[in-house]
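Here's the structure we're looking at; comments come further down.
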Amino acid sequence: MGDRVEEPIDLVRLSLDERVVVKMRNDRELVGKLHAYDQHLNMVLGDVEETITSMEVDEETFEELITTEKREIKMLFVRGDGIILISPPIRGAAAQ
């Protein structure tokens, strides 16, 4: 097992106790420390920063108005079926 990546879930395993980026449905993004996960990709994240991006169209000018809202959460359970993408931490020469 070790540090080998044989299956996609291995990237998640190697990211335990590291900060990961999790993109969610409904234009939400989470950045936090991965404490635990299961085979359904349910996760427990700590020290989470959640970013919610929303877009509205001005009815008079038809201009797209994009807003972002951020909040910090100490501990968060994330249900796996809402996850679109998980980005493991950067390793190697680029991280130094």
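The values are calculated or read from the model by the stated rules, or taken from the named source; none is laboratory data. These numbers come from a predicted model, not from an experiment. Backbone-built Cβ (ideal geometry, glycine too); neighbour counts: all protein chains shown. Just the protein is used for accessible areas: all its heavy atoms, side chains included, with ligands, DNA and RNA removed. Shrake-Rupley method; radii C 1.70, N 1.55, O 1.52, S 1.80 Å.
Any residue at all in the range 41-58 that's open to solvent by 90 Å² or more (accessible area, probe 1.4 Å) and either among the small types (G, A, S) or assigned to a loop (DSSP other than H, G, I, E, B) (or both)?
The answer is no, given that none of the residues of the range 41-58 is open to solvent by 90 Å² or more (accessible area, probe 1.4 Å) and either among the small types (G, A, S) or assigned to a loop (DSSP other than H, G, I, E, B) (or both).
Can you tell me how many residues in the range 59-93 are assigned to a strand (DSSP E or B), over 30 Å from R4 (Cβ atoms) and open to solvent by less than 100 Å² (accessible area, probe 1.4 Å)?
4
Name the single residue, out of those in the range 40-75 being modelled with pLDDT of 95 or more and of a type in the set (D, E), that is farthest from the chain's Cα centre (by Cα).
This residue is E69.
Can you name the residue in the range 30-40 that is open to solvent by 60 Å² or more (accessible area, probe 1.4 Å) and in a strand (DSSP E or B) and, of all such residues, is farthest from K74 (Cα to Cα)?
Among those that are open to solvent by 60 Å² or more (accessible area, probe 1.4 Å) and in a strand (DSSP E or B), it is Y37.
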